[in-house]
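Report on one structure; see the data block that follows.
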Amino acid sequence: MKIRAITLNNVRRFTDPAQLTDIGDGINVLCEPNEHGKSTLFDAIQALFFKPYGSRDKDVSALRPHAGGAPEVTVEVETDDGRFTLFKRWFQKPLATVHRGGTLVAQADEAEAWIAQLLGGDAGGPSGLIWVRQGMTSLAGGSSKEEKQALEARRDLMTSVGAEVEAMTGGRRMDKALARCREELGQYATSTKRPRTGGPWKDAQEQVASLAERRDTLTATVQELQEALAERARSRRALRELEAPDAAEERRTKLETARAAHAAALRHAEEVETLARAAELARLNADSAAAQLESLRTTLAEIATAQREVRQAEATAETATKTLAEQRAAVEEAEAALKKAEANLEAAQATQRLAQRARAARDGAERRTALEARIAQAEATRAQMESAEAAAKHGPDAAALQRIETLAAELSATRAARDATATQVVARYTPGGAAILGPDGPLPDGQALPLRHATELKIEGLGTLEVRPGAGGQDDHALETATEKLRTALAQVGADDLDAARTAAATRADAQRRFGEAKAVLASLAPEGIAPLRAALAEIPDMDAEEDAPDLEEAEKALLAAQTAYSERRSAREAAAEQLAEARTEAARADALLTSLRDRLRRAEAQQAKLGDLSEDALTAQVTQTAAAFAQARAAHAEKAEGAPDLASLKAALDRATSVETQAQDEIARLRPLLARLNERISRASGDAVEERLAETTQELQAAEATLARIDHEVAVLTRLEDALQTARNEARDRYFAPIVAELKPLLQLLWPDAELTWGEESLLPHALIRNGREEPIDILSGGTQEQVALMVRLAFAKMLARAGRIAPVILDDALVFTDDDRIERMFDALHRQASDMQIIVLTCRQRAFRALGGKALCLETSAPTS
Amino acid sequence: MSFRFIHASDLHIGRKFANIPQPPDGNIRGRLMEARHAVIGKLGQAAVDAGAAHVLLAGDTFDTATPSPSVLRQALMAMGETPLVTWWILPGNHDNLRDAEPLWETIRQDAPDNVRALTEAAPVELAPGATLLPCPVAFRAGASDPSEPLDRMESPEGSLRIGLAHGGVTDFTESGDAIAPDRDRSARLDYLALGDWHGRMAVSERVHYCGTPEQDRFKHGRRGVCLLVSLDSPGAPPHVEEIEIGSFLWSETELTLHPRQDAAAALAAILPEQGRRDHLLRVTVGGWASLPDRADLTRATEACSPDFAHFALVTDALGTQYDSADLDEIDRGGALRLAAETLVEEAESETLSQSERDVSADALARLHAYVREAEA
């Protein structure tokens, strides 16, 4: 079916007929501003095809003009059977007619049936599928009835191109099976396939766990019971063995025997000890006797020795005393002789000194005279030297004079230089002329007199002549400086002028020379000064009046003899003294020895006294006797000790026997209450029938485990089934949507390469756009994208309709509202691509944007009403 | 006049049967337990009926070493109520001497006069001319032939030698604790009464297991018995007579199915018509079944199992054959068919583990059930 012309009359603003004619194949564009009736046109077409002529519902009412009246819509369609004119009027004289070339084909209900047939006999027809009302940019929307119709239309279309969706996806049978499966699974597991709390699966798991725990507890209890039984058996056996009369008797006998043996051994040991003590005593006695005898013998020998030695010492001491007395006398004698010799020596010495003095006095007289003269000469020379030295200190020395000379020369040179430049007057007297008087007297003749300043020259008789030298050019200052320097130098040496200085310098040099000469003389006369000379003079003895002085040689000879005698005497005395000392030492030594020996003797005698009056024979007899007693006692002890039992072993045996008995008693004391406790424990545990309960629990656990295994299997079965069903349904759905996906694919690729749409099984609409592997639900896409997707889907549906032989015009009332210019071009490409074998009518207000669409331009013509 | 006695063993009094599933309002465990207690009375009655004055219990009279006081005392009292019969109780491995020491002490102290605990391996005169040679079990698991002492036990000249022991004749665990099968000859026994095996078995002419009088497992397939033994004279072969006294029948039946066989009918055909209430039945199903057959089998099982004391259907060995018709029943095409085919493929896969294949097979069966359920 293709629409060729549309006429509206009394439809909203079109109170006069409005017409759209010459609608062609492919794309037709009616481009009008808003409020020019595009939507009215769309609604009118919609009403014609879908609103029964008898309808007065709001959609139809909405078609009436304000002024009221009966809306009329006429549509010319071209089908395979030819061209038909469909007409409907609502409200007043409602009517529906179908004409073919002016021939009425059908009217009223028959016409409605004809139209329905034309649309394919379906509830929805192409309207919701491919006609887009203004503002309906998304796929869904509209009233619920419209949505339902659209869904039916889509379902019909899909079914017509493929299998029925039910057949493909299993439909309600699949839903039921899945629901049953999920319902059953839901009893066991949560949506995440975990055991559901309170469900049989969880219960079975908990049952197994709790039974396993109980079994373990009971097993442990049984184990304890069996251990207690074993321990009781052991304890009973042990107690029985301990308490058996034979065993007790044996223990007691052993203990008694050990005790008796031990006591006997103890007694024996005491006897051995006693004998040992007796032997020890005998040994002490024997030792003591032997020691006494030995002591006596030693003492007697000592006394004899001491007595002998005392006697010898006494003799020695006597001799020494005598020798000492003799030596003392000898010493006294030598002393006396020495004193005499000493006196002689002193006398000789005095005589010799006297002789010497006399000789010295004679030798000193000439030397005194010479020395006195020399001293006098030296003193005179020294006076000369001192006066010369004083003179040499006055007047300038050579250096000072040299400086003065230099300064004087400089002064002369300075003055000469000044006078050379000064104004000079030279007086040349006529012979006999009057003298010319200068400031210093008359001017000499022919001699240039320099004038340094204004000078009045008095010429006798004539007056004065004032000469004024020109200012500058003369250096008085240098001259003054030189003069001052000279004067200062002269003043320093105390000279009035140069000549005086020269004289003083000569005088000084002379004095210096004289000083040097006197000094040399003095040095020769008294090289070490005058004082030593005077001391030497004082030493020379004066000659006194001892005329009778002995002869020196004789005096010296006598002195020598006295000295020799004295030395001899002194040596003799020294020797005597030495001998005395020796004798004294010897005497002392002899005395000491004697004293010591006497002491020794006394001690020996005291020792003897201490020993009493025992005789050596008596003691010897005693020694023999005690030694025999000791030997006897020792033999007795050895004999006794030989047969002694081993006390340590017997003690150990007794200890062991005692501990065996003690242990037995302790063990009995331990076992009796232990048995009581075990009895109690066993009777309690066996009364609880633990093994019975364990057997029961074990069986229950097996059953519970079997149940759990069954449920595990059941869950696995249901899970597997759910998965298989879900997977199969997904696959079927994909297959079901394959045709529309194939139609959409080239369209989508105009906008987005590799883009895909996923389809909702219930809505039969795309619910997500997959771009670049990312899935975006349709309803979160931008408005532009949503309307683009919607339009493409409609175009795809239209194409499918066309393929099914049910060509229907695509009517788009401002279907691209949000699409930007770039995309809109591509959408136009899509439209043209689809339009090749179908009819597309585009209503738009976007004149400029849609200029690029191309296609056939339509124009809504309003004209005078036609009949 | 020959010497007669009853030989029984493995009463396992006090056994709880907690492994037998019990419906919330059911009482099968209690009934099974009670039946074991009732055996005492039946044995006493059998002895009286046969003119036997002795009941020899060859071990495991009690299920555990520490039965609860009521279990123990009621058992002893029940024995005391047959004063004409003397009960000779031998410790077995469950009620061995060591672990069950309190039990044996209690029996020695508190048991009626006609109940005798055989806790010593020493000859006992049952009656003039008949000597009982007991071999009590000392430990739960021994390492030697418990009947060994029999060889050394003396008996009066001309007296019957009756051995009483507990243990297996086949050394399953290789621990060396098996009873020598020729012990009757080595110990010159006229009869060796054995316990431990729960099935009745005659090892040789003179060596017998009586089995438990009240069965507790499916393998033996008959009610429990006790043995009435008559010994005419020393050396003469014993006369052994089985007396069925068990209340409950434990049995196991195999059912092999073929595809397109009516599984429910096949099951019904093998089920007993009578005595179901006292019957514990295990049906092991093998062979092949289609999906609907399996569903039918399950339904049939659910229908009949309440008839029985216990009913178990073991389908581990039952293979499922997936006909395209069965799959068509799920769906001829579309996603359901796709899922079903995936599951079939997995169930028949040779690369997956058995448990994974089982999961897939059961998942498929479940899907089949869902679809049928939805259409029912």
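The values are calculated or read from the model by the stated rules, or taken from the named source; none is laboratory data. As the structure is a computational prediction, the values presented were derived from the model and not from experiment. So basically every Cβ, Gly included, is an ideal-geometry build from the backbone, and we count neighbours across all protein chains shown.
Scanning region A:299-311 turns up one or more residues that are loosely packed, with under 13 Cβ neighbours inside 10 Å, closer than 24 Å to A:R602 by Cα and not basic (K, R). Against the conditions (1) touching a residue at least 40 places away in the same chain (Cβ under 8 Å); (2) within 14 Å of another protein chain (Cβ to nearest Cβ), B:L338 satisfies every one except (1).
Hey, could you check region B:1-10 for residues that are assigned to a loop (DSSP other than H, G, I, E, B) and in contact with a Gly (Cβ under 9 Å, 6 or more places away or on another chain) and say which is surrounded by the most Cβ atoms within 10 Å (Cβ to Cβ)? It comes out as B:S9.
Of all residues in region B:99-120, those being within 14 Å of another protein chain (Cβ to nearest Cβ) and either surrounded by 19 or more Cβ atoms within 10 Å (Cβ to Cβ) or within 21 Å of A:T219 (Cα to Cα) (or both) number 9. Only one entry of B:D323, B:D331, B:D362 meets the criterion of being out of contact with any Cys (no Cβ under 6 Å at 6 or more places or on another chain), of a type in the set (D, E) and closer than 20 Å to A:T719 by Cβ, and that entry is B:D362. Taking region A:315-347 as the range and being under 28 Å from A:A609 (Cβ atoms) and surrounded by 15 or more Cβ atoms within 10 Å (Cβ to Cβ) as the test, only A:A317 passes. Candidates are the residues of region B:322-335 that are of a type in the set (A, V, I, L, M, F, W, C), touching a helix residue (DSSP H, G or I) at 6+ places or on another chain (Cβ under 8 Å) and farther than 11 Å from A:A724 by Cβ; the one that is farthest from the other protein chains (Cβ to nearest Cβ) is B:L327.
Can you tell me which residue in region B:151-168 is nearest to the chain's Cα centre (by Cα), limited to those that are at negative phi and touching a residue at least 40 places away in the same chain (Cβ under 8 Å)?
B:H166
For (1) at the interface with chain A (Cβ under 10 Å from one of its Cβ atoms); (2) of a type outside the set (D, E, K, R); (3) loosely packed, with under 14 Cβ neighbours inside 10 Å; (4) part of a loop (DSSP other than H, G, I, E, B), each residue gets a yes or a no:
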site	(1), (2), (3), (4)
B:L313	no, yes, no, no
B:D316	no, no, yes, yes
B:D358	yes, no, no, no
B:A369	yes, yes, no, no
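To keep it simple, each residue is scored yes or no on (1) within 14 Å of another protein chain (Cβ to nearest Cβ); (2) among the aliphatic types (A, V, I, L, M); (3) out of contact with any Gly (no Cβ under 9 Å at 6 or more places or on another chain); (4) closer than 29 Å to A:E825 by Cβ.
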position	(1), (2), (3), (4)
A:A728	yes, yes, no, no
A:E743	no, no, yes, yes
A:G760	no, no, yes, no
A:H767	no, no, no, yes
A:E775	no, no, yes, yes
A:L781	no, yes, yes, yes
A:E787	no, no, yes, yes
A:L791	no, yes, yes, yes
A:A796	no, yes, yes, yes
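Of the residues making up region B:245-275, just one is surrounded by 16 or more Cβ atoms within 10 Å (Cβ to Cβ) and of a type in the set (D, E, K, R), namely B:E252. For region A:5-45, a tally of residues being closer than 18 Å to A:V98 by Cβ and surrounded by fewer than 19 Cβ atoms within 10 Å (Cβ to Cβ) returns 1.
Quick check: anything in region A:751-766 surrounded by 16 or more Cβ atoms within 10 Å (Cβ to Cβ) and in contact with an Asp or Glu (Cβ under 8 Å, 6 or more places away or on another chain)? Within region A:751-766, one or more residues are surrounded by 16 or more Cβ atoms within 10 Å (Cβ to Cβ) and in contact with an Asp or Glu (Cβ under 8 Å, 6 or more places away or on another chain). Does A:Q226 fit the bill of being surrounded by 15 or more Cβ atoms within 10 Å (Cβ to Cβ) and over 30 Å from A:L718 (Cα atoms)? In short, yes. When region A:51-76 is limited to residues that are among the aliphatic types (A, V, I, L, M) and loosely packed, with under 15 Cβ neighbours inside 10 Å, the one that is nearest to A:V98 (Cα to Cα) turns out to be A:A62.
Counting the residues of region A:677-721 that are facing chain B (nearest Cβ under 9 Å) and farther than 24 Å from B:D63 by Cα gives 9. Set side by side, the residues B:A53, B:A46, B:A65 differ, and just one is over 21 Å from B:E125 (Cα atoms), assigned by TED's automatic domain parsing to the domain that holds B:L194 and at pLDDT 90 or above, which is B:A46.
Of the residues making up region B:205-244, those that are crowded, with 16+ Cβ neighbours inside 10 Å, within 30 Å of B:L313 (Cβ to Cβ) and in contact with a strand residue (DSSP E or B) (Cβ under 6 Å, 6 or more places away or on another chain) are B:P213, B:Q215, B:F218, B:R223, B:V225.
Quick one: is B:A300 in contact (Cβ under 8 Å) with a residue 24 or more places away in the chain, in contact with a helix residue (DSSP H, G or I) (Cβ under 7 Å, 6 or more places away or on another chain) and more than 14 Å from every other protein chain (Cβ to nearest Cβ)? So B:A300 fits the description; yes.
Rundown of residues vs (1) farther than 17 Å from B:N114 by Cα; (2) more than 14 Å from every other protein chain (Cβ to nearest Cβ); (3) not in a strand (DSSP E or B), yes/no style:
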residue	(1), (2), (3)
B:L43	no, yes, yes
B:V55	no, yes, no
B:T64	yes, no, yes
B:L72	no, no, yes
B:A78	no, yes, yes
B:P83	no, yes, yes
B:W87	no, yes, no
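B:L267 meets all of the listed conditions (1) within 14 Å of chain A (Cβ to nearest Cβ); (2) part of a helix (DSSP H, G or I) but one, namely (1).
For region A:221-256, a tally of residues being within 14 Å of chain B (Cβ to nearest Cβ), free of Cβ contacts under 8 Å to residues at least 12 places away in the same chain and either farther than 18 Å from A:L671 by Cβ or not aliphatic (A, V, I, L, M) (or both) returns 5.
Can you confirm whether A:S649 is assigned to a helix (DSSP H, G or I), within 10 Å of chain B (Cβ to nearest Cβ) and surrounded by fewer than 16 Cβ atoms within 10 Å (Cβ to Cβ)? When the stated conditions are applied, A:S649 does not pass them.
When we screen A:A505, A:A495, A:A520, A:A489 for residues that are among the small types (G, A, S) and in contact with a Lys or Arg (Cβ under 7 Å, 6 or more places away or on another chain), the only hit is A:A489. If I filter region B:11-30 for residues that are more than 13 Å from every other protein chain (Cβ to nearest Cβ) and surrounded by 24 or more Cβ atoms within 10 Å (Cβ to Cβ), do I get at least one hit? Within region B:11-30, one or more residues are more than 13 Å from every other protein chain (Cβ to nearest Cβ) and surrounded by 24 or more Cβ atoms within 10 Å (Cβ to Cβ).
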